[in-house]
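Structure first, then comments.
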Amino acid sequence: MNAQSLHGHLDALLLAVLERGALHGYAIIEALRGRSDGRLDLPTGTVYPALRRLERAGHVASAWSTVNGRERRTYELTDSGRRALADQRSGWREFSATVGRFLDPGTTPTPAG
């Protein structure tokens, strides 16, 4: 799955990964890959700009640390990020249910009104 197909959902995925605890950038990429059974193999050029955007928005905080002599930036979810993730999840459920009415052959659409 490429980064373009995730348009509009990458921020929510990153927030969800960080919900489990602080991680450095490469560990975030590995978590995306692992939790998706390898389907989300995103390049650093996609993930790091998104993390910076989330940090500017106040949803993620970062700090530098030294691990085994290597400098790493560790990212963690803020309270604002937790609220944003809750909003993203709610929006995703609504979107998924609506689109599912059209694309899921086992779903019978209910009339509006």
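The values are calculated or read from the model by the stated rules, or taken from the named source; none is laboratory data. These numbers were taken from a predicted model, which means no experiment stands behind them. Here Cβ is always computed from backbone atoms with ideal geometry, including for glycine, and neighbour counts include all displayed protein chains.
A compact table of results
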item: Matching residues, region 1-25, being over 23 Å from G91 (Cβ atoms) and either surrounded by fewer than 12 Cβ atoms within 10 Å (Cβ to Cβ) or acidic (D, E) (or both); result: G21
item: Subset of region 65-95 (residues that are of a type in the set (V, I, T) and in a strand (DSSP E or B)); result: T66, V67, T74
item: Unique residue being outside any loop (DSSP other than H, G, I, E, B), of a type outside the set (S, T, Y), closer than 20 Å to A86 by Cα and at pLDDT 95 or above when the list is R33, R53; result: R53
item: Residue match in region 12-26 (condition: more than 15 Å from A86 (Cα to Cα) and part of a helix (DSSP H, G or I)); result: yes
item: Of residues in region 36-50 being in a helix (DSSP H, G or I) and without any contact (Cβ under 8 Å) to a residue 12 or more places away in the chain, the one nearest to A12 (Cα to Cα); result: P49
item: Within region 52-74, tally of residues that are over 10 Å from L15 (Cβ atoms) and under 14 Å from the mean Cα position of the chain (by Cα); result: 3
